[in-house]
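Notes follow the structure.
The values are calculated or read from the model by the stated rules, or taken from the named source; none is laboratory data. Since the structure is predicted, the reported quantities are computational estimates derived from the model, not experimental observations. Glycine gets a Cβ as well: all are built from the backbone with ideal geometry, and neighbour counts include every protein chain shown. All accessible areas refer to the heavy atoms of the entire protein, side chains included, with ligands and DNA or RNA removed. Shrake-Rupley method; radii C 1.70, N 1.55, O 1.52, S 1.80 Å.
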Amino acid sequence: MRPKQGRKPMTLRLDHLLTYDPLTENQDYAYRSWRSGDNLVLYGTAGTGKTFIGIYLALEEVLDKALPQNKLVIVRSVVPTREIGYLPGTLEEKMSAYVAPYRAIMSEMFEDSEAYDKLIEKKQLEIISTSHIRGTTIDDAIILVDECQNLNFHELDSIITRVGRNSRIIFSGDHKQSDFYKESEKEGVMRFLNIVEQLKNFDIIEFTWTDIVRSDFVRDYIMTKEMLGY
């Protein structure tokens with residue numbers, strides 16, 4: 001029998017991060033604002049590339065060895081009830097259903113189907129549930145708070161107070177896609193944004209149907225839905 005060999009470390013050609021230019025005025029505004037040093041809130045209509053832009057801008061900095069930010073931390077709520085502990089399996093298994101979009105985005109950005117796993121192995125990427133963020137301080141990182149419309153005010157408040165030294169933060173979401181049932185919980189993100197818009201070095205960019213890049217079909221549907229008042 002051949003002796004068992006240890007698993008070879010994954011290699012990721014960091015220079016293979018593709019270049020993506022902004023496609024709309026609001027996307028361009030987001031790029032310019034982030035690169036000027038601001039933190040961001042990317043908010044509004046589905047299909048406008050908010051999560052994609054957030055990950056792309058974050059990875060540009062994480063992969064730049066001249067900058068202090070050395071990892072991307074994606075924070076999100078994984079179940080409407082927040083009670084991830086009641087789901088079966090390990091934390092990784094519980095989270096697996098929610099990381100698929102990030103796997104797909106990173107596979108595209110690097111033209112590498114294993115890019116997500118390679119970034120995890122190199123400790124340049126971390127996915128955190130809101131259920132496990134309390135008591136932590138996130139230093140030297142870009143923090144992406146995804147699907148922020150599914151976080152209540154206290155969760156958003158807890159996340160932003162985790163930002164440590166040399167860290168920056170991006171919020172991404174759309175209040176029209178909230179999983180909350182209670183109006184008081186749905187309104188939490190708007191209360192939070194009222195505070196954030198008063199802060200220095202924070203830009204809130206609202207995307208509309210004119211920014212939709214997913215497909216013409218999606219643009220036509222959302223435009224029609226909004227025109228009918230739904």
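Key figures
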read-out	value
Sulfur and carbon atoms: percent of accessible area, the chain [1.4 Å]	50 percent
Sequence-separation-based contact order of the chain, relative, with Cα cut under 8 Å and 6+ spacing, percent	31 percent
Fluctuation leader among Phe192, Phe171, Phe207 - the chain, Gaussian network, Cα springs under 10 angstrom	Phe192
Positive dipole terminus of the chain, leading residue within Leu228, Val196, Ile143 (C-beta point charges)	Ile143
Distance violations [Cα-Cα > 28 Å] among Lys182/Lys225; Lys65/Lys200; Lys71/Lys176	Lys71/Lys176
Where the chain is the region considered: accessible area per residue in Å², 1.4 Å probe	57 Å²
Distant-in-sequence amide H partners of Val213 (H built 1.01 Å from N, under 5 Å)	Thr48, Gly49
Built amide H within the under 5 Å cut-off of Leu144, gap 5+	Val73, Ile74, Val75, Ile170
From the coordinates shown, percent of Cα pairs over 32 Å apart corresponds to which of [x] 34; [y] 24; [z] 20	[z]
Estimated dipole of the chain in Debye, rounded to 20 [Cβ of Lys and Arg +1, of Asp and Glu -1, Cα centre]	940 debye
